[in-house]
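What follows is one structure encoded as structure tokens, with my remarks underneath.
Just so it is clear, none of the values below were taken in a lab; they were calculated from the coordinates. None of these values were measured; they are calculated from a predicted model. No Cβ is skipped: glycine too gets one built from the backbone with ideal geometry, and neighbour counts run over all protein chains shown.
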Amino acid sequence: MIGQLLTEYWDRLEDSLNFWAVIGFLGQAIFASRFIIQWLHAERVKRSEIPVVFWYISIAGGVILLFYAIHIANVVFIIGQVSGLVVYLRNLHLIYKARREGREAAV
């Protein structure tokens, strides 16, 4: 019984290893790399902060994972990625708005 379940599971797993799985892994790798970048940045500046590149990598990984989620037609995954993308874009908007206001105040 357990052997048959494992065999069926392995067959399904093998069937899922295709071009779209590579896209999913790529998106996940890019998305996960943002934490390494944030950690290295924090070590460099000797304090915890999130560099702007963190948000760009979040967007890149999020978009790739969104394409993958659409391909596999997983509504939970799709909504999660879209929600995250809204947050990442909003953070970039706030960062650039503050920089623009800072430049205007300096003039």
Mean separation of Cα contacts under 8 Å (at least 6 apart) over the residue count of the chain, i.e. the relative contact order in percent, is 25
Helix 2-16: inclination vs the chain longest Cα principal axis, degrees, rounded to 10, gives 50
In degrees, nearest 10, the alpha-carbon axis of helix 75-106 is tilted away from the dominant principal axis of the alpha carbons of the chain by 10
Helix 52-72 sits off the longest principal axis of the Cα atoms of the chain, rounded to the nearest 10 on a 0 to 90 degree scale, by 30
The summed charge of the residue 72 Cβ neighbourhood (under 14 Å; Lys/Arg +1, Asp/Glu -1) stands at 0
Note: the stretch 19-106, point scatterers on Cα, Debye, no solvent; log10 I/I(0) at q = 0.12, 0.16, 0.18, 0.22 Å⁻¹ equals -0.45, -0.71, -0.82, -1.03
